[in-house]
Amino acid sequence: MSFQQGLSGLSAAAKNLDVIGNNVANASTVGFKGSQAQFADVFASAISGSVGTQSGLGTQLATIAQQFDQGNITSTHNSLDMAINGQGFFRMDKNNTIVYARNGQFQLDKNGYIINSLGHRLTGYPVDPITGATLPLGPLSISTAALAPMASAGVTVGLNLDARSAFPTALSSGNVTGNAAVGALVIGPGNNTLNVTVDGIASGAVTIPSATYPSTAALAAAIQSAVNADPLLAAAGRAVAVTTSANILTMTSASAAGATSSVAAPTGNAAPNLFGAAPVVTAGVTLFSPTNPSSYNSSTSLTTYDSLGNSHVATLYFQKVSANAWNVYLTMDGALVPAAGTAMGTLGFTTSGIQTLPAGGVFAASPFTPPGAATMNLTFDCATTTQFGALFGVTRLSQTGYTSGQLSGFSTASDGTIQGRYSNGQSMPMGQIVMANFANAQGLQPLGNNEWADTSASGAALIGTPGAGSLGVLQSSALEDSNVDLTGELVQMITAQRIYQANAQTIKAQDAILQTITNLR
């Protein structure tokens, strides 16, 4: 018997107590990974000898193995705190040297970089704050610059037009002052009468019946029929053609090319002086007016934005023109677009109430140029609009633009995407965190401060985004606790203490034996 076994036992127990003590000391260290002392027995090499006759020379420390099992996750109130749930490490830039960590306690430095308490920068895929393009792997930063405005380009409209709606108030041949270039127009009581001179030939009193006309086309037909039926004009071979376009009535001489007269059709019912002796009105009235609710059935509005971020109210008006067709008019900030007041287009429906016109359901509005800003060219997608026998209702109304905004906060998704939240209600990606994993995490070299470096034993870092492959996911506003089991460590501490005492006892026994041998003299 020698002192070797006892001394090796004392040394091993002491090292084990060192490891246990370090684990206990870091029981509250965020992201700490405990270690375990592993031992191996020692045998003296022998040239020859019978199997089973070697007693061994004690024990020795084989390795101190790091334990990378998951720690508990605790919620916090800091949006930059992050916990890894699963395998992997944060990839940190330490003065252009890459190190790895599990501690997710981060903050922003004066330049907006995401750093840990040592000033090491968290890495990932940054996003260009101006273009929105994803940049190569590097340190991540949070830009506090204002979000530039985006002009509205597309509007999505989903609604139901009530199939039971009546046509807007029909047009009557009331009295509106018009352009009387062809001849003097005379108003008579009751029915409307007019005298027309065509190529020098005057008509008699032409009567336009006092009636309600459902459209400008019907009114034009009534005027043309009445004028051409006049016997004086007919005898002289004089005739006119009355047409309508964009709500304008045009009277053309059939015997003198180019001789025309235009009369604006009225809005609503019986506006004053359609046929008057006064020869001038430069601006006529139309069949639609946003200020005349009787000229349309329904309307809805939303806010759009120009290139400067200024808001403009776009209002859509829907006017039923046949059983399954509706004219759509547009105003911007109350002004007709286009200024002539023509319809932006016509929505057509099947007998089942499904939208069929225009093809694809998309209207292109006339250009609108706000003061000081770029021209807006809005498109309106009405593909989901229906015509059912139900009340008018809006199911969706959205647009693509927004005004400028200030950064109000940010959060991190489970896949590492950092989303910035702005005061204008927008949310924009600001970068994506990457993580690293290793074929042999036990081979990582501890650097202290909850960081590791890769070695040839660990293998090269396997880089990826959270949740990809074997990598864990991120939990925002949370931290991973130390994985040390304090109760278990205290039990192991008592065991190591007993082992130390027992090895000391073997040395004491060996010393007593030597004293006995010495006393034999």
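Nothing in this text is a laboratory measurement; each read-out follows from the coordinates by a stated rule. Please read all numbers here as calculations on a predicted model, not as lab measurements. As a convention, Cβ positions derive from the backbone with ideal geometry for all residues, glycine included, and neighbour counts pool all protein chains shown.
Scan around Ala325 for amide H atoms under 5 Å from its own, H built in the peptide plane at 1.01 Å from N, and keep only partners 5 or more places away or cross-chain.
Answer set, sorted by chain and number: none.
When a footprinting reagent is the concern and you count Cβ atoms within 10 Å, what order do Leu17, Leu479 take, fewest first?
Leu17, Leu479
Name the residues whose placed amide hydrogens come within less than 5 Å of the amide hydrogen of Thr29, ignoring near sequence neighbours (fewer than 5 apart) on the same chain.
Counting only residues 5 or more places away or on other chains, the set is Ser482.
Rounded to the nearest 0.05, what FRET efficiency do Gln426 and Ser117 have when you use their Cβ-Cβ distance and R0 = 22 Å?
In this case the efficiency is close to 0.10.
Full-extension gain between Ser366 and Ser75, please, as 0.36 nm times their residue separation minus the C-alpha to C-alpha distance.
My answer for the length gained is 99.4 nm.
Just add up the charged neighbours of Gly361: K/R +1, D/E -1, any other residue whose Cβ is under 14 Å from the Cβ of Gly361.
Net charge around Gly361: 0.
Largest first and in whole Å, give the semi-axes of segment 373-429's equivalent ellipsoid, each being the square root of 5 times a Cα gyration tensor eigenvalue.
33, 18, 11
Tally Lys and Arg at +1 and Asp and Glu at -1 over the other residues with C-beta under 11 Å from the C-beta of Phe90: what net charge comes out?
0
Could you tell me the calculated FRET efficiency between Ala383 and Asn95, based on Cβ-Cβ distance and R0 = 56 angstrom, to the nearest 0.05?
Computed FRET efficiency for Ala383 and Asn95: 0.50.
Could you derive backbone 3J(HN,Hα) for segment 137-148 from the dihedral phi with the Karplus parameters 6.51, -1.76 and 1.60 (θ = phi - 60°), listing whole Hz in sequence and x where the residue is Gly or Pro?
Per residue, the Karplus-derived 3J(HN,Hα) values read 4, x, x, 9, 9, 10, 7, 9, 5, 5, 7, 5 Hz.
Straight-line reach from Lys508: which lysines fall under 27 Å, measuring Cα to Cα and dropping same-chain residues less than 8 apart?
Lys15
Tell me, what ³J(HN,Hα) does each residue in segment 435-449 have, in order and in whole Hz, if you take phi through Karplus 6.51 cos²θ - 1.76 cosθ + 1.60 with θ = phi - 60° and put x for Gly and Pro?
Computed from phi, the couplings for segment 435-449 are 10, 10, 9, 9, 4, 9, 4, 5, x, 5, 9, x, 10, x, 6 Hz.
What list of ³J(HN,Hα) couplings, whole Hz, do you get for segment 236-242 from phi and the Karplus terms 6.51, -1.76, 1.60, once you set θ to phi - 60° and write x for glycine and proline?
8, x, 9, 8, 10, 10, 10
How long is the gain from Ser398 to Asp128 if the chain were fully straight, where each residue apart is worth 0.36 nm and the alpha carbon distance is subtracted?
94.5 nm
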